[in-house]
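Beneath this line is the structure, given in structure tokens, with notes to follow.
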Amino acid sequence: MAQEMVAARPRPWWKRLWGFFTQPPEELPVDQALERAIKHPDELFQHLNVLRRHVLRAVVVFFLVAFGSLTFMPQILNFLAQPVGGLENLRAIDVTEPVGVTMRVAVLTAFVVTLPYLYLEMYLFVAPGLYPRGRILGLLLMPLVYGLFLAGMFFAYKVFLPVALPFLLNFMGIPTLPRPSSYIRFVVSLLFWTGLAFEYPLVIYVLARMRLVQARSLWQYWRIAMVVIAVLAALITPTVDPVNMLVVMGPLVVLYFVGAALASLAQRGNASPQK
């Protein structure tokens with residue numbers, strides 16, 4: 001009886017944590033799980049049920065932070081309006097315009113603040129199917145994911161906006177007094193998509209680890225990639241002059257080759273035995 005009570009006693013948290021990072025996958029590895037899900041779609045619903053719980057927690061935290069950001073909204077709006085001289089240089093003409101602007105900024109603020117937690121929830125979903133090395137690597141990538149997103153936003157705010165706004169607000173010598181809705185939509189979209197673009201190397205690395213991307217293809221078709229990057233830079237850039245387009249295109253080109261190098265590194269890791 002005493003042995004049964006000892007066996008039933010839960011393990012200390014540090015032993016569970018150690019086991020999490022040292023034990024082999026509790027389920028099929030991610031690549032094999034994806035292959036099996038394609039062959040047996042009925043098993044996919046079990047994974048979707050687990051994913052639903054992680055997504056639900058992430059959504060709840062996201063909206064709580066979004067509502068909490070309303071407390072600091074005047075400071076956030078003034079920070080975003082600094083490139084045009086502050087909020088006093090924006091003029092609203094619709095009654096509901098400030099409300100829409102506030103909601104848009106609250107969503108961006110919530111995403112920026114909760115990004116590490118959103119990553120953690122997705123990590124906890126896929127971790128049971130990872131080898132110990134993959135679990136450790138996935139956890140170590142969290143600050144890098146967050147840092148790259150913030151770096152992209154910093155680049156858009158400090159480098160691109162000071163170059164693009166003078167051109168936009170004085171095009172053809174016509175001075176422009178921007179509306180909050182159009183200006184904030186422009187700034188929020190630019191910050192968000194530039195932040196996501198800076199995640200490209202990590203995305204390529206993960207896809208290469210899953211054997212969905214080959215580094216050789218990235219190096220072989222770099223010329224085609226340059227054309228695609230030019231098109232993306234043109235879509236992101238709100239101006240028609242080539243200078244602003246090159247300002248956006250430069251970091252994207254660097255990120256592409258960094259992603260190709262990381263893909264080569266990932267393939268070397270795939271070739272080594274998993275532990």
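The values are calculated or read from the model by the stated rules, or taken from the named source; none is laboratory data. A quick note: this is a predicted structure, and the numbers were derived from the prediction, not measured. Virtual Cβ from ideal backbone geometry, glycine too; neighbours counted across all protein chains shown.
Across region 131-181, the number of residues qualifying as without any contact (Cβ under 8 Å) to a residue 24 or more places away in the chain and not in a helix (DSSP H, G or I) comes to 4. Scanning region 149-167 for residues that are over 20 Å from Gly86 (Cα atoms) and surrounded by fewer than 20 Cβ atoms within 10 Å (Cβ to Cβ), we see that the one that is farthest from the chain's Cα centre (by Cα) is Ala151. Take the residues of region 71-108 that are modelled with pLDDT of 90 or more and hydroxyl-bearing (Ser, Thr, Tyr): which is farthest from Val163 (Cα to Cα)? So the residue we want is Thr71. Tell me, yes or no, whether region 34-49 has at least one residue that is at pLDDT below 65, β-branched (Val, Ile, Thr), loosely packed, with under 13 Cβ neighbours inside 10 Å and assigned to a helix (DSSP H, G or I). The answer is yes; a qualifying residue exists. Among the numbered conditions (1) at pLDDT 90 or above; (2) among the small types (Gly, Ala, Ser); (3) over 16 Å from Leu56 (Cα atoms), the only one that Gly129 does not meet is (1).
From the list Pro128, Pro116, which residue is closer than 25 Å to Asn49 by Cα, in contact (Cβ under 8 Å) with a residue 12 or more places away in the chain, touching an Asp or Glu at 6+ places or on another chain (Cβ under 9 Å) and part of a helix (DSSP H, G or I)? Selected residue: Pro128, the only one of Pro128, Pro116 that is closer than 25 Å to Asn49 by Cα, in contact (Cβ under 8 Å) with a residue 12 or more places away in the chain, touching an Asp or Glu at 6+ places or on another chain (Cβ under 9 Å) and part of a helix (DSSP H, G or I). When Val187 is tested against the conditions (1) surrounded by fewer than 21 Cβ atoms within 10 Å (Cβ to Cβ); (2) of a type in the set (A, V, I, L, M); (3) under 26 Å from Thr102 (Cβ atoms), the lone failure is (1). Of everything in region 211-225 that's surrounded by 14 or more Cβ atoms within 10 Å (Cβ to Cβ) and among the hydrophobic types (A, V, I, L, M, F, W, C), which residue is farthest from Ala261 (Cα to Cα)? My answer is Ala225.
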